[in-house]
Amino acid sequence: MTDDPATAAFRAEVRAFLDAELTPDLREAAARATSVFIEPAVSLKWQAILHKRGWVAPDWPEAFGGPGWDDMQRYVFAAECAAAGAPSLAPMGLKMVAPVIMQYGTPQQQAFYLPRILSGEDYWCQGFSEPGAGSDLASLQLRAEADGADYVLNGSKIWTTHAHHANRMFCLARTSTEGKPQAGITFLLLDMESPGISVKPIRTLAGDHEFNQVFFDDVRVPQANRLGDENAGWTVAKHLLTFERGGKYAPPLIGRLEALRAREGLGPVLDARLVREAVSLRALQALEMKAMRGEGGSPALYASVLKVLGTEAMQRQDTLACEVEGLAAWALPDGQTCAALAVAVPRYLNDRAASIYAGSNEIQRDLIARAVLN
């Protein structure tokens, strides 16, 4: 695809910025990352640089602090950041809770939270899943009892990414047991320093500390921190999940695949598999751009489709990376280790969860079937 003059000029501007501001230590940290969730010591450093330029939230409306880009500019920016090896930013604030604060928050909530999300002053985690309430999220049991101007929370959340770093959580809690399970859920914004909150680490197969279980013991949350109406949190959460599931999967995957294809001595079978994957990623890129333009389907439908295709492409690429880097490791002299394989294997293990989080891919296929096949 050839850029028109305006897009070419914008691409050149982005590349010049990345050349000047993306430091070697940030590139190296991104290259060594084994998860989409990079440690905040890295992601917040890059976020501060982007924030200074006004480019930290490409998808935000200009009225809330976004850069005012069109769809093509946003996609070009994502592609160039991926090609340059920029670290990813934590999505929980910028890409997940911020859009629902814009949609459902009061003017006071928007004025307080959104600038702090842009600057990185607030670092968020997501309190959705519970023991026994994952894909069946409506069965959640974290209880929020009204008490004066507060809710009092008791229960727990699990698989809470970066809860040990976060100072804020957006959370679903049960405020009613009447009617359908979805009808008694409320969306809350809370301070992780609140008395009664404790965080227990969960180690992954890759050996990372990324996940946690969070316990709530008589935790008081002001009712003023509710987002939307009481018992209407399911509607707020569905809006958020559209942003969590959808996204730009193709740009970083294309960049990583090109690096794998550049390796020598892979043999015709592995070469053919890499080419086939390159074609698949270009198709995914075309679908993402179609979704970006709002053509041919609802945002919720596209979010489910892209979540399935993007996460499964990620897992296929992880398998290919282990094979490619494994071949390279065999060629090394005794006693030498392959740094690339030391990244590829933990990434493979970490990304096994990609087809489960944000709603399992099996559930997404059900949603797609209902939307398309009635």
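No lab work stands behind these numbers, since they all come straight from the coordinates. Note that the coordinates shown come from a computational prediction; the quantities given were computed from them, not determined experimentally. Heads up, the Cβs are rebuilt from the backbone with ideal geometry, glycines too, and the neighbour counts pull from every protein chain shown.
Rg to Rh for segment 124-232: what is it, with Cα atoms only and Rh by Kirkwood? Intermediate values should be presented prior to the final figure.
Details: Rg = 13.4 Å, Rh = 13.9 Å.
My calculation of the ratio gives 0.97.
Grab the DSSP H runs of the chain that are 4 residues or longer, score each as -39,500 (n - 2.57), total them, divide by all residues and round the 222 nm result to the nearest 500 deg cm²/dmol. List each step's numbers first, then the result.
Details: 12 runs with 181 residues, N = 374.
Computed ellipticity for the chain at 222 nm equals -16000 deg cm²/dmol.
So which lysines can residue 307 reach, going by Cα to Cα under 25 Å and dropping same-chain residues fewer than 8 places off?
Qualifying lysines at Cα under 25 Å: 95, 157, 238, 248, 290.
Can you give the angle from 0 to 90° between the axis of helix 250-261 and the longest principal axis of the chain, with both taken from C-alpha atoms, to the nearest 10?
30
With everything on Cα atoms, drop me the angle between helix 268-292 and the longest principal axis of the chain, reported from 0 to 90° to the nearest 10.
The helix 268-292 is inclined about 40 degrees to the chain.
For segment 232-240, in order, what is each residue's ³J(HN,Hα) by Karplus, 6.51 cos²θ - 1.76 cosθ + 1.60 with θ = phi - 60°, in whole Hz (x at glycine and Pro)?
After applying 6.51 cos²θ - 1.76 cosθ + 1.60, I find 10, x, 5, 5, 4, 5, 4, 5, 5 Hz.
Taking amide hydrogens as modeled 1.01 Å from N in the peptide plane, which residues meet the under 5 Å criterion relative to residue 232, leaving out close sequence neighbours?
Placed amide hydrogens put 187 under 5 Å from residue 232.
Return the loop-located trypsin sites (Lys or Arg not before Pro) in segment 266-374 (DSSP other than H, G, I, E, B) with at most 16 other Cβ atoms within 10 Å of their own Cβ; answer none if there are none.
On the way: sites: 273, 276, 282, 290, 293, 307, 316, 347, 352, 365, 370; in loops: 293.
Sparse-neighbourhood loop trypsin sites (Lys or Arg not before Pro): 293.
Excluding residue 35 itself, calculate the net charge of residues whose Cβ lies under 12 Å from the Cβ of residue 35, where each Lys or Arg counts +1 and each Asp or Glu counts -1. Walk me through the intermediate numbers first.
Values: positive: 32, 347, 352; negative: 39, 208, 210, 318, 351.
Result for the local shell: -2.
For segment 55-68, what does the Karplus curve 6.51 cos²θ - 1.76 cosθ + 1.60, with θ = phi - 60°, yield as ³J(HN,Hα) per residue in whole Hz, taken in order and with x for Gly and Pro?
For segment 55-68, the Karplus-derived couplings read 10, 6, 10, x, 8, 7, x, 4, 4, 9, x, x, x, x Hz, x marking Gly and Pro.
If you take the square roots of the eigenvalues of the alpha-carbon gyration tensor of segment 215-374 and sort them as a ≥ b ≥ c, do you get rounded (a/c under 1.5), prolate (a/b over b/c) or oblate?
Working: a/c = 3.17, a/b = 1.67, b/c = 1.90.
Since a/c reaches 1.5 but b/c is at least a/b, the shape of segment 215-374 is classed as oblate.
Tell me, what ³J(HN,Hα) does each residue in segment 79-86 have, in order and in whole Hz, if you take phi through Karplus 6.51 cos²θ - 1.76 cosθ + 1.60 with θ = phi - 60° and put x for Gly and Pro?
5, 6, 4, 5, 5, 7, x, 6
Using packing as a proxy for protection, rank 49-58, 196-205 so that the peptide with the highest average count of other Cβ atoms within 10 Å comes first. Show your work: numbers first, answer last.
On the way: 49-58: 17.1, 196-205: 13.7.
In descending order of packing, they fall as 49-58, 196-205.
Which peptide among 167-175, 73-81 comes first, and what is the full order, when sorted by highest mean count of other Cβ atoms within 10 Å?
Working: 167-175: 23.3, 73-81: 20.8.
Output ranking for 167-175, 73-81: 167-175, 73-81.
Averaged across orientations, what area in nm² does the convex hull of the alpha carbons in the chain project? Mind showing how you got there, number by number?
Numbers: hull surface 81.4 nm².
Result: a mean projected hull area of 20.4 nm².
Taking amide hydrogens as modeled 1.01 Å from N in the peptide plane, which residues meet the under 5 Å criterion relative to residue 161, leaving out close sequence neighbours?
126, 212
Given axes a ≥ b ≥ c from the Cα gyration tensor, I'd like to know whether segment 285-374 is rounded (a/c under 1.5), prolate (a/b larger than b/c) or oblate.
Working: a/c = 4.24, a/b = 2.67, b/c = 1.59.
Since a/c reaches 1.5 and a/b is larger than b/c, the shape of segment 285-374 is classed as prolate.
So how do 142-148, 82-88, 157-163 stack up, highest first, on mean other-Cβ count within 10 Å? Present the calculation step by step, with values, prior to reporting the outcome.
Details: 142-148: 15.7, 82-88: 18.9, 157-163: 23.0.
Ranked from most to least packed, the peptides come out as 157-163, 82-88, 142-148.
Given H placed 1.01 Å from N in the peptide plane, which residues other than close sequence neighbours of residue 360 have an amide H under 5 Å from its amide H?
Under 5 Å from the amide H of residue 360 lies no amide H from a residue far enough along the sequence or on another chain.
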